[in-house]
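The values are calculated or read from the model by the stated rules, or taken from the named source; none is laboratory data. Everything numeric here is computed off the predicted structure, so don't read it as measured data. Every residue, glycine among them, receives a Cβ derived from its backbone with ideal geometry; neighbour counts consider all protein chains shown.
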Amino acid sequence: MKRIIIIGSLLLLCSSVFGQTSIHATTIKILPKSTLSITGDTNINKFLCSFNTELIAENNHITYQPGDSKIYFQNAILKLDNSGFDCGNKAINKDFKNLIKAEEYPEISLELEEIILTDIKKAFAKVIIKIAGETNTYTVPVEITSDETIQYKGSLDLNISDFKLHPPKKMFGLIVIREDININFILKVKNKY
């Protein structure tokens with residue numbers, strides 16, 4: 001019953017959002033139960049770097065404007081402190097931080113520009129990602145679910161050369177990190193009006 005009430009509320013929220021064209025402001029909180037990770041491959045094994053989402057569990061003030069089938073956002077920026085990534089051991093942590101030039105660029109920035117809703121549980125998010133001073137825009141498929149909070153789940157494949165990053169070679173070139181990586185996220189969000 002609780003699930004039906006939450007889904008009904010989400011439907012009402014979406015219908016009221018699409019029926020309006022004015023600009024709205026709200027505060028959201030990304031909960032520490034969220035997950036965000038980067039996975040990749042070398043020529044001999046895989047690696048996983050998880051982000052400590054407690055570092056982003058803060059209130060974010062955003063502005064949005066609904067359109068016909070889209071919601072446009074302003075100030076919906078998520079900044080990830082590069083020191084929050086853990087790849088499992090010191091050597092891989094050091095290599096990862098060298099790869100993303102963490103000393104020179106201490107943050108990765110993700111800016112949500114718009115969401116295109118295809119139905120109540122699926123959408124496409126247009127996101128601007130800034131890594132190591134380089135910026136690219138991606139469209140990410142997102143699944144939306146709700147229980148006690150709203151959850152956004154998605155995965156994005158990208159090539160680090162898009163950000164002018166070059167994978168390090170280890171052991172005199174015997175171990176090579178591949179350029180394709182995958183960003184996985186489950187963001188649990190609570191609205192605070």
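With the structure loaded, tell me whether THR139 is under 14 Å from the mean Cα position of the chain (by Cα), over 30 Å from ILE44 (Cα atoms) and free of Cβ contacts under 8 Å to residues at least 60 places away in the same chain or whether it fails that test.
Answer is yes for this residue.
Being among the β-branched types (Val, Ile, Thr), more than 13 Å from the chain's Cα centre (by Cα) and modelled with pLDDT under 90: is that true of THR149 here?
Considered against the rule, which asks whether it is among the β-branched types (Val, Ile, Thr), more than 13 Å from the chain's Cα centre (by Cα) and modelled with pLDDT under 90, THR149 comes out as yes.
Which residues, taken from segment 78-108, are touching a Ser or Thr at 6+ places or on another chain (Cβ under 6 Å) and within 30 Å of ILE23 (Cα to Cα)?
LYS79
Each row is one residue, and each column tells you yes or no for (1) modelled with pLDDT of 90 or more; (2) touching an Asp or Glu at 6+ places or on another chain (Cβ under 9 Å); (3) assigned to a strand (DSSP E or B).
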site	(1), (2), (3)
SER155	yes, no, yes
LEU158	yes, yes, yes
SER161	yes, yes, no
ILE186	yes, no, yes
ASN191	no, no, yes
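Kindly indicate the residue of segment 104-133 that is of a type in the set (Lys, Arg) and over 13 Å from the mean Cα position of the chain (by Cα) and also farthest from GLY154 (Cα to Cα) among those meeting that condition.
LYS121
Determine whether segment 130-145 contains at least one residue that is in a strand (DSSP E or B), touching a Ser or Thr at 6+ places or on another chain (Cβ under 7 Å), modelled with pLDDT of 90 or more and under 20 Å from ASN60 (Cα atoms).
yes
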